[in-house]
There are 2 protein chains.
Amino acid sequence: MRIITNIDDMKAYSREAKSQGKSIGLVPTMGFLHEGHMSLVRAAGEECDVVVLSIFVNPVQFGPGEDYEKYPRDMERDKKIAEETGVDHIFAPGVDEMYPDGYATYIEPEGHMASILCGKSRPGHFKGVDTVVAKLFNIVSPDKSYFGQKDAQQAVIIRQMVKDLNMNTEIRVMPIVREDDGLAASSRNAYLTGDERRQALGLYRSLKEAERLVSGGERSAGKLKKEMEKILLEGKDVRVDYIEAVDARTLKEVDLLKGETLIAVAAVVGNTKLIDNTVVRSGS
Amino acid sequence: MRIITNIDDMKAYSREAKSQGKSIGLVPTMGFLHEGHMSLVRAAGEECDVVVLSIFVNPVQFGPGEDYEKYPRDMERDKKIAEETGVDHIFAPGVDEMYPDGYATYIEPEGHMASILCGKSRPGHFKGVDTVVAKLFNIVSPDKSYFGQKDAQQAVIIRQMVKDLNMNTEIRVMPIVREDDGLAASSRNAYLTGDERRQALGLYRSLKEAERLVSGGERSAGKLKKEMEKILLEGKDVRVDYIEAVDARTLKEVDLLKGETLIAVAAVVGNTKLIDNTVVRSGS
């Protein structure tokens, strides 16, 4: 497994692989790898000849006061996990390599897709995401790129960017991976104390309750949200950021569930922002 | 020569050419071809195996009240000129093909490069340019892409985008082509009446005067601008938009000329907005 920190080197490796007729799978991450990332690497390994894992904590997608500085990093541990999971190249550029002096070009997702859900409390977040992901696509030239369903809104916005800008990679979105207790795998789980972690399980329990209500015939988004909020607020250190029911493809808010609905929740537990979601299907 | 209107077809032709080891040169235009465009096609023909000329009047780079609707179009004439000049494929998509319903992703050049010169009077213009050019790059996958020095600011901003987003095409900027009387070749010249055209020559004459003064040792940007303005205002229907002296690479305004300076002028003659420029070299 190679560790590549330089953009030109990464481009050269990708060109080399392509010239040998090999397909490339890209798994973009901010490191501190967990089972969610590993599931993406395994999918890439099954579908592509070469697996590139990028590790880059992207300053541009963090807002002022967010956790850019303290975001967990452990390159040695990541290298070990990546090698064991079948990564061929780690691409881990420095911030100056990705955003040199005079950097001035950004990709902006406009409209409601980027302004609802996490877009409300994190203005500029998805602009940072689109920008860094477009850069990675141009550097690595992946045939397929792998993202996790845990960041459902991110996946929809990146799919839209690929479609809008006519990019030449296929977006593959893989299911949420959960830890044994049900908490969605996330690098930020490392922030949680034992007590906070117990409270954080409210996100998962609220989504399970929503699923149960929908299978029982409930179609009112308002009713679902109310029941979910009750469960979340059982945690004394939980502050709800949003509970939303939106069309899974367009992210437009729904009042009555129909077709595929993304039920998404974001909450701050202690000082840790967590998100989770489920997609439910219901007849019209 | 093929005329391609569909994005997937264009991508397929480009893939085919690449798989045969052929290099692709892209000349992006808004059509109504003139000698300036033809010089780009000839350069592409000398340097690349396949020449793709795109013709697309990009609505996104026109502001409200600008000339999108009346911008000159003549596809039959363009086809003839393109074929005679050595174009292999014309890519001429419709607006719905490039910006389908729900389109939501834009590339935004930030900072002073996009806010000075034409960026002052045309907010959003370079966002429209970057967005369509990025789309064309992803659709055509050109090894080299050709732009005219007449749109000097556009060329600098596109170079910056390619660098910032790590795009895989080389930007080639070709010298301004002038008509016999000195007027810079432009599709918009077709708007000018005979009298306006005589007045429009003030742009060229003002730049020649600036060149003459610089060779004579003049280093003051203020002095140059004053002399240029005098010449421009000899035309009774001329309204000056800007006269600027900026660093040719960074587009930062200069007071005293040093190294390579872009002297750029924009004026409205009658109802027609015209731009022109020259690059002068001076010791420190």
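Just so you know, all these numbers are worked out from the coordinates, no wet-lab data involved. Predicted, not measured: the structure shown is a model, and the values here were computed from it. Cβ coordinates were reconstructed from backbone atoms using ideal geometry, including for glycine residues, and neighbour counts include every protein chain displayed.
Details
- Among (1) within 14 Å of chain B (Cβ to nearest Cβ); (2) surrounded by fewer than 19 Cβ atoms within 10 Å (Cβ to Cβ); (3) closer than 21 Å to A:ALA155 by Cα, the one test that A:GLY45 misses: (1)
- Unique match (being closer than 30 Å to A:GLY65 by Cα and outside any loop (DSSP other than H, G, I, E, B)) among A:GLU229, A:GLU260, A:GLU234: A:GLU229
- Within segment B:237-279, being more than 18 Å from the chain's Cα centre (by Cα), over 16 Å from B:LEU183 (Cα atoms) and among the hydrophobic types (A, V, I, L, M, F, W, C) holds for B:VAL240, B:ALA245, B:VAL254, B:LEU256, B:LEU257.
- Some residue of segment A:153-175 being over 22 Å from A:TYR68 (Cα atoms), assigned to a loop (DSSP other than H, G, I, E, B), away from chain B (no Cβ under 14 Å) and out of contact with any Cys (no Cβ under 6 Å at 6 or more places or on another chain): yes
- Residue satisfying all of: in segment A:21-66; in a helix (DSSP H, G or I) and polar (S, T, N, Q); nearest to A:ARG172 (Cα to Cα) among these: A:SER39
- Just one of the listed residues (A:ARG188, A:ARG205) is touching a strand residue (DSSP E or B) at 6+ places or on another chain (Cβ under 7 Å), among the basic types (Lys, Arg), more than 14 Å from chain B (Cβ to nearest Cβ) and in contact (Cβ under 8 Å) with a residue 24 or more places away in the chain, and it is A:ARG188.
- Scanning segment B:95-152 for residues that are more than 13 Å from chain A (Cβ to nearest Cβ), of a type in the set (Lys, Arg) and over 23 Å from B:ASP276 (Cα atoms) yields a single hit, B:LYS144.
- Residues located in segment A:1-24, provided they are within 16 Å of A:GLY86 (Cα to Cα) and in contact with a Pro (Cβ under 6 Å, 6 or more places away or on another chain): A:ILE24
- For segment A:68-150, the helices (runs of 4 or more DSSP H) that sit wholly inside it and include 1 or more residues that are free of Cβ contacts under 8 Å to residues at least 24 places away in the same chain and within 28 Å of A:GLU46 (Cβ to Cβ) are A:75-85, A:125-140.
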